């Protein structure tokens with residue numbers, strides 16, 4: 001595999017320790033509730049399953065109802081709380097997108113509603129707490145804005161402390177007529193946050209002011225992409241040295257070096273997410289890095305696959321390993337389990353969630369035979 005063998009002995013030992021100690025986890029699945037799927041099914045809310053970390057089997061554990069379109073889920077660093085982005089929300093005389101806070105029962109995984117707060121933007125599609133757990137940051141896709149909330153000691157949300165409106169447009173008329181903030185992710189140090197805006201072809205860089213409960217533009221405040229790339233989702237390498245960003249509109253993955261002291265991104269590589277010669281319509285979505293740091297995975301909606309890349313330990317650059325069909329349509333999101341031994345893919349347009357085993361040496365994926373039916377699954381989130 002060329003010069004992409006990257007795991008150190010220490011990484012391998014950590015992976016073995018995780019595999020030895022984690023035998024089960026809870027898997028939460030966010031969905032669209034407002035629209036019936038192509039199979040006529042309608043979601044009830046946030047589904048949860050108990051995950052067997054030895055076999056990959058999923059066992060139903062309940063559904064949290066009473067929330068509209070809980071499409072994106074995020075865990076508090078303590079794992080005691082879960083946050084959901086409600087893309088359509090009505091609350092008394094208020095309406096609009098909201099962030100919803102839940103307390104988690106550690107034994108059963110059951111969610112208890114704490115409170116919800118309007119984001120002040122339309123279509124909240126991505127949420128991230130900062131590493132300290134004192135802030136929750138939200139990307140509002142439809143309005144092209146970011147919202148910052150303070151987090152209370154009980155896990156509940158304070159009213160929004162800041163709303164940042166992005167501005168601009170891009171060359172793809174039907175998708176880039178204005179800003180579309182698609183995700184916001186803190187860096188491993190907790191000092192910075194990166195926000196991908198599909199509409200303006202930028203990843204914006206902010207300093208996190210946890211005390212002030214706000215974001216401050218870094219210097220420089222953004223990095224520009226090729227016009228029409230449509231940056232969507234962001235993943236940091238476990239070392240914090242590199243950043244990987246999907247281009248939803250041109251089927252690319254861009255690799256950056258990351259300076260965590262100055263908050264600066266420097267592009268080092270752009271790779272295609274598709275097999276050579278494939279020319280169909282495709283929209284990349286999620287990207288994540290294996291806990292070992294050896295492999296990067298990303299999903300293709302259209303080609304309906306997970307692309308697998310090997311990571312060069314010295315440069316962070318990627319070498320294609322292969323493409324694994326997700327056994328469904330439009331894989332909106334996926335996640336690796338805490339051990340990195342399994343990958344779970346959510347196929348939004350075929351109502352199925354499929355479990356694959358991830359090979360620790362090659363990165364390749366093999367179907368386990370375990371699959372469950374969930375109406376319009378959008379996001380999968382593991383909690384130990």
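Nothing in this text is a laboratory measurement; each read-out follows from the coordinates by a stated rule. Being a predicted model, the structure only gives us computed values, none of them experimental. Glycine also receives a Cβ, built like all others from the backbone with ideal geometry; neighbour counts cover every protein chain displayed.
A few remarks follow.
- Three-way shape call for segment 106-154 based on the alpha-carbon gyration tensor, with the a/c threshold at 1.5: prolate
- Once C-alpha pairs closer than 8 Å and six or more residues apart are averaged by separation and normalised to the residue number of segment 58-188, the relative contact order reads 19 percent.
- Euclidean distance between Cα centres, segment 294-367 to segment 196-258, Å: 21
- Gyration tensor analysis over the Cα atoms of segment 203-328 returns equivalent ellipsoid semi-axes of 27, 16, 13 Å (largest first, whole Å).
- Per-residue Cβ neighbour rank within 10 angstrom, fewest leading, 344, 287: 287, 344
- Placing dummy labels 7 Å off each Cα toward the beta-carbon, the span from residue 34 to residue 80 is 3.3 nm.
- The label point for residue 214 and the one for residue 239, both projected 7 Å from the Cα toward the Cβ, are 3.7 nm apart.
- In the chain, helices alone account for a calculated mean residue ellipticity at 222 nm of -1000 deg cm²/dmol, with every DSSP H run of four or more residues adding -39,500 (n - 2.57).
- Put simply, the convex hull of the Cα atoms in the chain casts, on average, a shadow of 17.6 nm².
- The spread of Cα positions in segment 106-265, taken along each principal axis and listed from longest to shortest, comes to 44, 34, 33 Å.
- Least to most buried among 138, 148, 372, 205 (fewest other Cβ within 10 Å first): 372, 205, 148, 138
- Ranking of 117, 110 by neighbouring Cβ atoms within 10 Å, starting from the fewest: 110, 117.
- Relative contact order (%) - the chain, alpha-carbon pairs under 8 angstrom, separation at least six: 14
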